[in-house]
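Student: Please read through the structure below; I'll follow up with questions.
The values are calculated or read from the model by the stated rules, or taken from the named source; none is laboratory data. Just so it is clear, the model here is predicted, and its values are computed rather than measured. In this analysis, Cβ positions are derived from the backbone assuming ideal geometry, glycine residues included, and neighbour counts consider all displayed protein chains. Side chains included, ligands, DNA and RNA excluded: accessible areas come from the protein's heavy atoms. Shrake-Rupley method; radii C 1.70, N 1.55, O 1.52, S 1.80 Å.
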Amino acid sequence: MKIDFDDLDRRQCHELVVGMISPRPIAWVSTVGEDGTFNLAPFSFYGGVFSRPPMLCVSIARRRGEKKDTIRNIEYTGDFVVNVVNDELAMAMNQTSADYPANVSEFKEVGLTPLASDKVRSPRVAECPISMECKVVHILELGKEPNAGSLVVGEIVRAHVDDALFENGTIDPFRLEPIARLGADLYCRIGHVFEMKR
């Protein structure tokens, strides 16, 4: 089958892309707004960019043509925190994807604990096994309205890792138990894992 994306509407494009690019890790992004409200929202168009300096990127699409709270907050502070979602936090993460007003904190709505970060203004999620404090390096505006979005590239300036996960200089994925996003409303856990020496 050959597919031309010009023949598809926005929703069809989205469903096709998320089905082809999967599984995708989840960036649970915490920010703070100009009024001091803590925001927390999940994004699955997310990935590593570079290891030294350590950098990651998160793509934040518009909602009904308007910038989401997350990108407005990032533009305001110049920072954000990416929190890693494990199996235990999956339900809370899903709840924070709801369309809350800008002056409502998702932390309070779902019963999570904001912790002060060390090097950025945005809070981190106390319950998360890994949190990465990030400072903005670039914000690229992509697409055309109303389907535009922002690609945020951030440098990880400090990481907070649960001691139980850290072994021999790396993270044990079996102890972390991260979840990932598939297409539609589907998620996955670590299942069959195999090793291939490079």
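Student: Working only within region 54-78, note down all residues that are charged (D, E, K, R), modelled with pLDDT of 95 or more and surrounded by fewer than 17 Cβ atoms within 10 Å (Cβ to Cβ).
Tutor: Glu75
Student: Could you tell me whether Phe43 is closer than 16 Å to Arg181 by Cβ and among the aromatic types (Phe, Trp, Tyr)? If you could, list the steps in order and put the result at the bottom.
Tutor: Details: closer than 16 Å to Arg181 by Cβ: yes; among the aromatic types (Phe, Trp, Tyr): yes.
Criteria met by Phe43.
Student: Please enumerate the residues belonging to region 23-53 that are part of a loop (DSSP other than H, G, I, E, B) and exposed (fewer than 15 other Cβ atoms within 10 Å of the Cβ).
Tutor: Residues satisfying the conditions are Glu34, Asp35, Gly36, Arg52, Pro53.
Student: Which residue is farthest from Pro42 (Cα to Cα), if the candidates are limited to region 74-105 and must be part of a helix (DSSP H, G or I) and polar (S, T, N, Q)?
Tutor: Step one: filter region 74-105 for residues part of a helix (DSSP H, G or I), giving 74-77, 87-95.
Checking the rest, the ones that are also polar (S, T, N, Q) come to 77, 94-95.
Working: Thr77: 19, Asn94: 8, Gln95: 9 Å.
Looking at residues that are part of a helix (DSSP H, G or I) and polar (S, T, N, Q), I get Thr77.
Student: Something else about it: Please enumerate the residues belonging to region 153-185 that are surrounded by 14 or more Cβ atoms within 10 Å (Cβ to Cβ), closer than 21 Å to Pro23 by Cβ and in contact (Cβ under 8 Å) with a residue 60 or more places away in the chain.
Tutor: Selection gives Leu176, Glu177, Pro178, Ile179, Ala180, Arg181, Leu182, Gly183.
Student: While we're looking at this one, here's another question. Can you pull out the strands (runs of 3 or more DSSP E) entirely within region 106-197 that have at least 3 residues that are over 18 Å from Ser44 (Cβ atoms) and under 19 Å from the mean Cα position of the chain (by Cα)?
Tutor: Correct list: 130-142, 149-161.
Student: Let me confirm something: among Gly78, Gly36, Gly19, which residue is more than 15 Å from the chain's Cα centre (by Cα), closer than 25 Å to Ala102 by Cβ and in contact (Cβ under 8 Å) with a residue 40 or more places away in the chain?
Tutor: None of the others qualify; the one that does is Gly78.
Student: Give region 79-99 a look and list any residue that's open to solvent by 50 Å² or more (accessible area, probe 1.4 Å) and not charged (D, E, K, R), or say none.
Tutor: Met91, Asn94, Gln95, Ser97
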